[in-house]
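Data block below; observations after.
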Amino acid sequence: MRHGDKINNLSRTASHRKALLKNLANALITNKRIVTTLAKAKALRTYVEPLITKTKKADSKEQISHNHRLVFSHLQNKEVVKELFTVVAPKVAGRPGGYTRIIKLGKRVGDNAETALIELVDFNEVYVKGTDKAETTRRTRRGRSKKADAPAKAEETKQEAASPAEEAPAEETKAAE
């Protein structure tokens with residue numbers, strides 16, 4: 001029985017599983033998105049999200065270098081660790097978790113395995129553009145304040161004053177004909 005056994009072994013030995021997750025994590029951080037099987041994507045999410053969290057938690061210089069060493073012990077690649085701390089960490093600084101997104105793609109042709117795309121959330125341009133607009137607009141159930149209406153009414157009166165002046169030359173041209 002496997003009571004309380006929450007880790008997905010992926011039909012591999014412990015050393016093979018660690019190497020697999022390390023390589024998948026390196027590829028994900030380098031490329032920002034990868035396509036793999038659904039089971040590997042779910043296992044990768046539990047592996048890489050604590051590493052990304054370690055890049056954010058740094059109070060002192062000693063803590064920063066300690067976190068670098070901890071993350072390097074998992075990934076074993078200097079370039080990937082540098083990318084993680086310099087590019088990924090600033091983008092996810094305000095996010096309280098959930099740094100990855102898994103999108104199911106369907107079954108693979110060769111072996112009918114369920115495939116999925118796993119990506120870093122803040123690096124998808126399609127979704128990031130939509131969130132920028134949501135942050136700039138504010139919605140409320142209350143009506144506009146009188147201060148906000150005053151400049152709008154001033155612009156309307158300017159436009160109304162300008163529109164009769166624009167119509168006057170048109171009337172003169174009709175009279176001249």
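Summary table below
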quantity: Tally, over region 80-100, of residues that are farther than 13 Å from L51 by Cα, in contact (Cβ under 8 Å) with a residue 24 or more places away in the chain and outside any loop (DSSP other than H, G, I, E, B); calculated: 1
quantity: Output for region 96-116, where each listed residue is charged (D, E, K, R) and either in contact with a Ser or Thr (Cβ under 7 Å, 6 or more places away or on another chain) or surrounded by 10 or more Cβ atoms within 10 Å (Cβ to Cβ) (or both); calculated: R101, K104, K107, R108, E114
quantity: Residue in region 56-67 that is surrounded by 15 or more Cβ atoms within 10 Å (Cβ to Cβ), assigned by TED's automatic domain parsing to the domain that holds Y127 and outside any helix (DSSP H, G or I) present; calculated: yes
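The values are calculated or read from the model by the stated rules, or taken from the named source; none is laboratory data. If you're wondering where the values come from, they're calculated on a predicted model, not measured in any experiment. Note: ideal-geometry Cβ built from the backbone for every residue, glycine included; neighbour counts use all protein chains shown.
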